[in-house]
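Only one structure is covered here, and it is reproduced in the block below.
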Amino acid sequence: MNELKTPRGPGGAILINPYRLVLATALLAIFCSALQERVSASQPNIVVILTDDQGYADVSYNSHHPKEVSTPNIDKLARTSVICTAGYTSGHVCSPTRAGLMTGRYQQRFGIYTAGEGGSGVPLSETFFPQHLKKAGYTSGAFGKWHLGVDIKYNALHRGFDEFYGFMGRGAHDYFDLNTPDHPIYRGLKPIKDKGYLTDRITEEAVSFIQRHKDKPFFAYVAYNAVHSPAQAPAADIRKETDDPARNTLMAMLRSLDAGVGKIVDTLKTEGVYDNTLLFFLTDNGGSKVMHANNAPLRGYKQQDYEGGVRVPFIVSWPAKLKGGTTCPAPLMSIDILPTALAAAGAGRTGKLPFDGRNILPALEGKTDKVHDQLYWSSAAGKGAWAIRAGKWKLVGLKDRLELFDLETDISEAKDLARKHPERVKTLKQLHDSWLDEMAEPANGAAKRWSADAPAADKKNKKQKRAEREKRRAKRRAEKEKPGE
């Protein structure tokens, strides 16, 4: 029997056939490429549609909606998705909720208790949603309202996104004037001159992103500023549906928003990626009283920790994995979206900062009815507003007043049970105190807890506030001159 011998050169060096080496390298590259394509094909696209100040009953799939409300596209999505009937936001105003959603953490952990703090900028030490997805091969785009920092260093492109169209600064923006030097629309890092109705422009940019990136996993964060003030809609769309002119304008704004949601969903279907897209639809806090929103049957509005300020329309769709036409009664929160997306994508967490949010897929699949032991809210000393939910019980604090509600029997929070269950009040307050002890000090210098003897540190006189506004405007003017820095 002949023995196979390895060819050797002078000195005994093994001779390698260059043609075989090229062939082996090519085969390895093909194998790796095929493996990557197989992994990419199994990873869901991720879409988060976040509306602004939309009322709990300003969706017509809510049986409590008034007759003027009609949201056929949102309703169609809801009918084929999982409706989270106890879906909450981590803040009762815009920016804190966005900070929590982007990090998967209670925003109070990094000093964000108010819209002013969040709008001024989330610390760059925090890891944002797309930064976790980057290593898993996702392309990410942010569209619409940012409200997570005015300075260019806080721009979405510096927080892991590959594309950005929207506005950075304040929570509100004119819907028609898209060429305001003092509050510009950005494409990437550069202010641009744009035109159109802002709700429609956000939709168009999101649709374009999906069409251009449909062949590989993508993350689209579509943050409409609708239906936040100012109350503006195309004149032709405003109808006399009620005796309230402000409400009539809100309904016109809502129709544009609903049409945008429909176009995004239709694009996902047309491009053949809808079934394997994990889509979240929610609003950033309760409906606004200023905009005449309807939060029935809930008590309260935006800027309050009653259910009307923090319980929101919350829909999750993933046709390939989740059974549509179902409901999820488990209390869950906007901070759960990031950990859930990473679990669906098979992507690990980037960095060492722990999540407060949880993977809610088991709850959406009906495998559990519990996600959190408790949910927490706090606005620090400025408002003295805070709340905790544990199971069916919710304790709401406002300065020196405490109210206890049984949400299983009283979703409208009409009957205060604090006097009837003092031990329950004590236990819940202790839990909230312990949680608040873990949180950072407010970024604006206020105290964490309200005290009648210690006024909030964020109270400033008019002169101070005016000086700070002028300083911010000067910074924005400088950014416009040097947009890439």
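Per-residue 3J(HN,Hα) values for segment 73-85, derived from phi via the Karplus relation 6.51 cos²θ - 1.76 cosθ + 1.60 with θ = phi - 60°, read 6, 5, 4, 4, 4, 4, 5, 10, 10, 9, 8, 8, 7 Hz in sequence order (x marks Gly and Pro).
Fewest Cβ neighbours within 10 Å first, please rank 267, 71 accordingly. The partial results should precede the final answer.
On the way: 267 19, 71 24.
By the 10 Å Cβ count, ascending, the order reads 267, 71.
By the count of other C-beta atoms within 10 Å, a proxy for reagent exposure, 271, 117, 126 are ordered fewest to most as 271, 126, 117.
Apply the a/c threshold of 1.5 to the C-alpha gyration tensor of segment 41-373 and tell me whether it is rounded, prolate or oblate.
Working: a/c = 1.28, a/b = 1.11, b/c = 1.16.
Here segment 41-373 falls in the rounded category.
Computed from label points 7 Å out along Cα-Cβ, the spacing between residue 215 and residue 367 is 3.5 nm. Modelled label positions at residue 424 and residue 269, each set 7 Å beyond Cα in the direction of Cβ, lie 4.4 nm from each other.
Tell me, 52, 400, 177 in order of fewest to most beta-carbon neighbours within 10 Å? Working shown, then result.
Numbers: 52 26, 400 9, 177 13.
Fewest-to-most ranking of 52, 400, 177: 400, 177, 52.
The residue 416 and residue 67 beta-carbon pair, evaluated with R₀ = 35 Å, returns a calculated FRET efficiency of approximately 0.65. The trypsin sites (Lys or Arg not before Pro) of segment 327-375 that meet both conditions, a loop assignment by DSSP and at most 16 other Cβ atoms within 10 Å of the site Cβ, are 349, 352, 367, 370.
Can you give the FRET efficiency to the nearest 0.05 for residue 399 and residue 436, using r as the Cβ-Cβ distance and R₀ = 22 Å? Spell out each step's value before the answer.
Working: r = 15 Å, r/R0 = 0.69.
Efficiency for this residue pair is about 0.90.
Among the listed pairs 370/392; 145/269; 394/415, those whose Cα-Cα separation exceeds 23 Å are 145/269.
So for segment 255-366, Kirkwood radius off the Cα pairs, Stokes-Einstein at 10 °C and 1.306 mPa s: how many µm² s⁻¹? This corresponds to a translational diffusion coefficient of 99 µm²/s.
Roughly speaking, what is the centre-to-centre gap between segment 61-124 and segment 207-246 when only Cα atoms are used, to the nearest Å? Their Cα centres are 15 Å away from one another. For residue 323, list the aspartates and glutamates whose Cα falls under 20 Å from its own Cα; do not include residues on the same chain fewer than 8 positions away. Leaving aside aspartates and glutamates fewer than 8 places away in the same chain, those within reach of residue 323 are 75, 266, 275, 336, 365, 369.
No lab work stands behind these numbers, since they all come straight from the coordinates. The shown structure was predicted, so the numbers you read here are calculated from the model rather than taken from an experiment. Don't worry about glycine lacking a Cβ; one is built from the backbone with ideal geometry, like all the others, and counts go over all protein chains shown.
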